[in-house]
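The values are calculated or read from the model by the stated rules, or taken from the named source; none is laboratory data. Quick caveat, the model's predicted, so the values are computed rather than measured. Cβ coordinates were reconstructed from backbone atoms using ideal geometry, including for glycine residues, and neighbour counts include every protein chain displayed. Just the protein is used for accessible areas: all its heavy atoms, side chains included, with ligands, DNA and RNA removed. Shrake-Rupley method; radii C 1.70, N 1.55, O 1.52, S 1.80 Å.
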Amino acid sequence: MSDTGFFQKLPRALPGLALIVITMVVIRQWIEPWMGNAVVFGTKGWLIKVTHLNYILLGIIMGMLYRNVFFGGKMPEILSDGFKLSRLMIKTGIILLGSLYTFNAIVQLGSMAVFLIGGFVVLTIIMVLWFGTLLGLDRSMIGVMANALSICGVTAAVATSPGVEAKASHVAYAIATILGFGILTMFISPFIGHALGLTDLQYGAWIGTGILNSGQVLAAALAFNPNVAPGTAVSVAEIWNIMRVISIPFAVFAVTVWYWSGKVGMEGAERKGLGTLLVEKFPVFVIGFLGMVFLTSMGAFGDVGLKGGPPASETIKMMRLWMTWIFGFGLIGLGGYIDFKELRQAGGAPLKLGLIVGVTKYVLALVVVFLIKDYLVAI
Amino acid sequence: MEFKKIVVAVDGSDASQEALNYAVDLARQSNAALTGLFIIDGGWSDYIGNDWQSPQNVRQEFLDYIHKEQEQQAEAARQQFESVVDGIKYCKFTVLAGDPIEKLIKTANAVDTDLFIVGQRVFQVSGRPSLRALGKRLAAKATRPLMLFP
């Protein structure tokens, strides 16, 4: 892996970045407006009203098409550095997303998120440990699946694998299962959300809890409502997601303790304490996000535009516009990392476990959101 | 048909044993040079590309961990190969890095490969799900003699 700095990498990233930017400009300037005006089955805008396709989902679809159709299953070398920057773009977008909240709003939303996320993480881990053992899965595989299904999908699998001595093939099948499920739920959730008449808050809370992988949480939120403002689906879902991310070091610690407690022979075992895991695995962008919340609360960017308050300042409006573009660019890039060859071959016990637990979590999260909807308070 | 160079994919597991045994027998009978081949999968960074949240050090720790596991598998493959090649005059074991299917297709189609022998489940022990389709893709892309074992 190259250890050259960002600015040295930038020229190599330009072709991929250019493709991403051009694609999103074409989608937003021509394709989306055309879809909004096209008359299909006698209805103007049918393509958007019924399919709920917007620039976010179209961007992901284009990313997937680039990789799997136009480039024959692999990103060409010349484009790969640009597509790698999608991770940085999304992190930047999430940091900027901090400008949607004041500390009061974060405390209000965060306390609801802690309750839901905490409960679901613990329940999902217990469920995976039980079902995984029942299905006769390898202990290390159960450990990886427990965190991947309970927290942040691929991110959690990556964080957990070394600590539970997961085999490469186990991790690979876990990731394929999580991604497959995540992509499916990313496309169907906006339909379900609109069909059930969910509010942005209910929808954000549901998908922030029920969708397995973070990239797909972001996409599903923006697919439901592409607006980036306080109280929209993305502003809620991402608070839920940040709660999930923060819980990664704790969940890695818990699952690692479980793994080693049942293992005979501890030779070569390298176990890390919770303090070390917190330092090593804590995602730095969360600090950036909180920094942005602090600056927003201090009024550094003017009024936020909360419900019932003064309208958002021009600076805040401009930042929100940037965010829509940054997320759009980033999600084209993430789409470019979805490989149909891998997803097609996912199977076996990991798929069974993933489907059982994933569907249960997805449905249960919706039921719980319905049950507590009177307690969910809009910001 | 006379074979001067036979290449066999070896991964240190049961998945490659039958193909390896056959390759060794054939190399002895035809006095051919035999190459055992293991491929360290270089596609993992791309495979976890959907993870945008992990800090760089966590990603790197994961990639190093997977690489180390694959090096151990390569060592197991080497031992598996060396345990059965007694009496073959020209034999060597090679470890390549990159996309396993691409490397296998390139090896199968090399002009100096007279016969490429592969077990269809090879490399699944340390690989990504797409390797399950390895036999099918090799059969579709090979332009030189290829022998696939179940």
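Overview of values
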item	result
Rounded, prolate or oblate (a/c below 1.5 giving rounded, otherwise prolate when a/b exceeds b/c) for chain A by Cα gyration tensor	rounded
Proximal aspartates and glutamates relative to A:Lys352, as straight alpha-carbon distance under 15 Å, when same-chain residues fewer than 8 apart are discounted	A:Asp138
Residues in region A:97-141 that a label on A:Lys263 would reach, taking backbone N under 14 Å of a point 7 Å out along Cα→Cβ	A:138-141
Prolate/oblate/rounded label for region A:49-187 (Cα gyration tensor, a/c 1.5)	oblate
In nm, spacing of pseudo-spin labels at A:Val39 and A:Val359 (7 Å Cα→C-beta vector)	4.2 nm
Amide hydrogen neighbours beyond the local backbone of B:Ala97, cut-off 5 Å, H modeled	B:Ile40
Spin-label pair B:Glu82/A:Gln29, simplified geometry with 7 Å Cα→Cβ offset, distance in nm	6.2 nm
B:Gly119 long-range amide H proximity, modeled H, under 5 Å	B:Ala9, B:Phe149
Peptide-level mean, for A:64-77, of C-beta atoms on other protein chains within 10 Å	1
Placed amide H near B:Leu146: partners under 5 Å, 5+ positions off or other chain	B:Phe116
Tensor-based shape of region A:183-316 (alpha-carbon gyration tensor, a/c under 1.5 rounded, otherwise prolate or oblate)	oblate
Heavy-atom accessible area ranking, 1.4 Å probe, most first, across A:Asp81, A:Asp138, B:Asp11	A:Asp138, A:Asp81, B:Asp11
Solvent-accessible area of A:Ile27 with every protein chain in place, 1.4 Å probe, in Å² to the nearest 10	0 Å²
Label point distance in nm, B:Gln56-A:Asn104, each placed 7 Å from Cα along Cα→Cβ	4.0 nm
³J(HN,Hα) computed for each position of region B:100-117 - Karplus, 6.51 cos²θ - 1.76 cosθ + 1.60, integer Hz, glycine/proline x	x, 5, 4, 5, 5, 5, 4, 5, 4, 9, 5, 5, 8, 8, 7, 8, 10, 10
Hz values of 3J(HN,Hα) by residue in region A:72-84 - Karplus curve (6.51, -1.76, 1.60), Gly and Pro given as x	x, x, 8, 5, x, 3, 5, 9, 5, 5, x, 5, 4
Spatial separation of Cα centroids for region B:69-133 and region A:190-237, in angstrom	46 Å
Order of exposure, largest accessible area first, which applies to A:Val25, B:Val58 with probe 1.4 Å	A:Val25, B:Val58
Per-residue average of Cβ from other chains inside 10 Å of B:56-69	5
Cβ-derived FRET efficiency at R0 41 Å, A:Lys74 paired with B:Asp25, nearest 0.05	0.70
Area accessible to solvent at A:Trp325, 1.4 Å probe radius, in Å²	60 Å²
Set of lysines with alpha-carbon distance to A:Lys307 below 18 Å, sequence-local pairs under 8 removed	A:Lys317
Helix-only mean residue ellipticity at 222 nm for chain A, each DSSP H run of n ≥ 4 adding -39500 (n - 2.57), per residue, nearest 500	-22500 deg cm²/dmol
Whole-Hz ³J(HN,Hα) from phi, Karplus 6.51 cos²θ - 1.76 cosθ + 1.60, for region A:30-39, glycine and proline x	10, 5, 4, x, 4, 5, x, 9, 5, 9
Part-to-part distance (alpha-carbon centres) for region A:288-309 and region B:1-62, which is given in Å	54 Å
Exceeding the 18 Å Cα-Cα cut-off - candidates B:Lys68/B:Lys136; A:Lys91/A:Lys341; A:Lys84/A:Lys281; A:Lys167/A:Lys263; B:Lys5/B:Lys89; B:Lys103/B:Lys136	B:Lys68/B:Lys136; A:Lys91/A:Lys341; A:Lys84/A:Lys281
Accessible area (Å², 1.4 Å probe, nearest 10) - B:Asp112	80 Å²
